[in-house]
Amino acid sequence: MIIYNVTISLVDQSIHQDWLKWMKEIHIPEVMDTGYFIDNKICRLLVEDEITYAIQYTCKDMDTLNEYQEKFAPQLQEEHNKRYRGKFGAFRTLLKIIH
């Protein structure tokens with residue numbers, strides 16, 4: 001199993017509530033509707049003076065993730081970028097579930 005982790009820091013904190021609502025109601029459901037992921041979690045980093053989230057999507061293997069990234073990720077990421085351009089920073093990491 002693989003966790004596709006997207007860490008997002010909100011540079012413009014005024015978008016926090018709108019961004020979180022959009023992620024919960026629109027973006028994450030659209031990612032899950034692709035059928036490539038089994039589960040997801042929204043985690044908030046416990047740090048002061050910044051708003052940072054880790055959105056975690058679980059899929060069965062790297063082939064599944066690679067297919068998602070090829071077929072769906074660019075469009076879904078662009079929708080996020082258009083809506084919040086210049087107001088966030090993001091990076092992605094992959095984790096392999098060992099136990």
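Residues of region 67-99 being among the aliphatic types (A, V, I, L, M) and either free of Cβ contacts under 8 Å to residues at least 40 places away in the same chain or touching a Cys at 6+ places or on another chain (Cβ under 6 Å) (or both), which ones? Spell out the reasoning first.
Here is the first cut: in region 67-99, the residues among the aliphatic types (A, V, I, L, M) are 73, 76, 90, 94-95, 97-98.
Result: ALA73, ILE98.
Output the residues belonging to region 41-81 that are among the hydrophobic types (A, V, I, L, M, F, W, C), farther than 18 Å from MET23 by Cβ and surrounded by 14 or more Cβ atoms within 10 Å (Cβ to Cβ).
Within region 41-81, CYS59, LEU65 qualify.
Suppose we filter VAL31, VAL47 for residues that are among the β-branched types (Val, Ile, Thr) and part of a loop (DSSP other than H, G, I, E, B); which single one remains? Let's see the steps before the verdict.
Working: VAL31 fails: part of a loop (DSSP other than H, G, I, E, B).
Selected residue: VAL47, the only one of VAL31, VAL47 that is among the β-branched types (Val, Ile, Thr) and part of a loop (DSSP other than H, G, I, E, B).
Of the residues in region 56-78, how many are among the charged types (D, E, K, R) and either within 12 Å of the chain's Cα centre (by Cα) or modelled with pLDDT under 95 (or both)? Before you say what the answer is, go through the steps one by one.
Let us first name the residues in region 56-78 that are among the charged types (D, E, K, R), namely 60-61, 63, 67, 70-71, 78.
Now narrow it down to the ones that are either within 12 Å of the chain's Cα centre (by Cα) or modelled with pLDDT under 95 (or both): none.
Qualifying residue count for the region: 0.
For region 39-65, which positions are over 16 Å from VAL6 (Cβ atoms) and without any contact (Cβ under 8 Å) to a residue 24 or more places away in the chain?
LEU46, VAL47, GLU48, ASP49, ASP63
Please state which one of TYR53, TYR36 is in contact with a helix residue (DSSP H, G or I) (Cβ under 7 Å, 6 or more places away or on another chain) and modelled with pLDDT of 95 or more. Lay out the reasoning, then the answer.
Values: TYR53 fails: in contact with a helix residue (DSSP H, G or I) (Cβ under 7 Å, 6 or more places away or on another chain).
One residue alone meets the criteria, TYR36.
The values are calculated or read from the model by the stated rules, or taken from the named source; none is laboratory data. These numbers were taken from a predicted model, which means no experiment stands behind them. Methodologically, a virtual Cβ is constructed for each residue, glycine included, from the backbone with ideal geometry; neighbour enumeration extends over all protein chains shown.
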